[in-house]
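**Student:** Before we start, here is the structure in question, set down as structure tokens.
Please treat every number below as a calculation from the coordinates, not as lab data. All values reported here derive from a predicted model rather than from experimental measurement. As a convention, Cβ positions derive from the backbone with ideal geometry for all residues, glycine included, and neighbour counts pool all protein chains shown.
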Amino acid sequence: MGTLLYGNSGIVISFDDRALMHLQIVISAKLRRRESFVFSWIDAADANSGRSAIWIDPASTLYYRYFGSRVPTINREWIDALMLSANSAGGLVFMTEPVPTPPGVGAQHATPGPSIR
């Protein structure tokens with residue numbers, strides 16, 4: 001379980017290492033273009049459920065901490081789906097990895113339950 005530490009406020013958000021890697025790619029792409037955006041997710045049951053959001057801009061301090069030492073393989077469909085979300089008016093909304101679908105059928109997404117401390 002990896003963590004995303006946000007700013008100096010001590011906000012720690014836990015994600016699976018694979019999910020965190022995909023988020024890092026999307027967030028980094030947005031910040032390289034000096035774009036600000038909202039990042040939101042559904043909280044895990046152990047974090048009292050609910051929904052959380054943070055404002056990310058080029059001045060944000062972010063720290064990605066991975067549990068494992070291996071770099072996960074990248075799913076281009078997932079990156080594309082997350083980037084599409086990040087470029088929308090609602091901002092980046094975390095979603096689980098798309099289930100592989102046959103050609104011509106849309107991918108299905110569900111919201112996960114990362115925990116925030």
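**Student:** Per residue of the range 27-43, in order, report the coupling 6.51 cos²θ - 1.76 cosθ + 1.60 (Karplus, θ = phi - 60°) as ³J(HN,Hα) in whole Hz, putting x for Gly and Pro.
**Tutor:** 4, 4, 4, 5, 5, 4, 8, 6, 9, 9, 6, 8, 10, 10, 7, 8, 6
**Student:** Could you give the C-alpha radius of gyration of the range 22-71 expressed as a fraction of 2.2 N^0.38 Å, taking N as the number of residues it contains?
**Tutor:** Working: Rg = 13.0 Å, N = 50, 2.2 N^0.38 = 9.7 Å.
Scaled against compact globular proteins, the figure is 1.33.
**Student:** Extending each Cα 7 Å along its Cβ direction at Val99 and Leu5, get the distance between those two points in nm, one decimal.
**Tutor:** 3.7
**Student:** Taking amide H positions as placed in the peptide plane 1.01 Å from N, state which residues far from Thr96 in sequence (5 or more) or on other chains have amide H under 5 Å from it.
**Tutor:** For Thr96, whose amide H was placed from the backbone, the distant partners under 5 Å are Ala110, Thr111.
**Student:** Scan around Asp43 for amide H atoms under 5 Å from its own, H built in the peptide plane at 1.01 Å from N, and keep only partners 5 or more places away or cross-chain.
**Tutor:** Gly50, Arg51, Ser52
**Student:** Let me ask you something else. Which of the peptides 30-36, 10-16 is most tightly packed, and how do the rest follow, going by the mean number of other Cβ atoms within 10 Å of each residue? Show your work: numbers first, answer last.
**Tutor:** Numbers: 30-36: 12.6, 10-16: 16.9.
By packing density, highest mean first, the sequence is 10-16, 30-36.
**Student:** Which FRET efficiency value, to the nearest 0.05, do you get for Ser36 and Ser69 by plugging their Cβ-Cβ distance into 1/(1 + (r/R0)^6) with R0 = 30 Å?
**Tutor:** For R0 = 30 Å, the calculated efficiency reads 0.40.
**Student:** Which residues' amide hydrogens lie under 5 Å from the amide hydrogen of Ile11, considering only partners 5 or more residues apart or on another chain, with H built in the peptide plane?
**Tutor:** So Ile11 has HN proximity to Tyr6.
**Student:** Each label point is 7 Å from the Cα along the Cα-to-Cβ direction; what then is the distance between the points at Ile25 and Arg76, in nm?
**Tutor:** Taking the two extended label points, one gets 1.0 nm.
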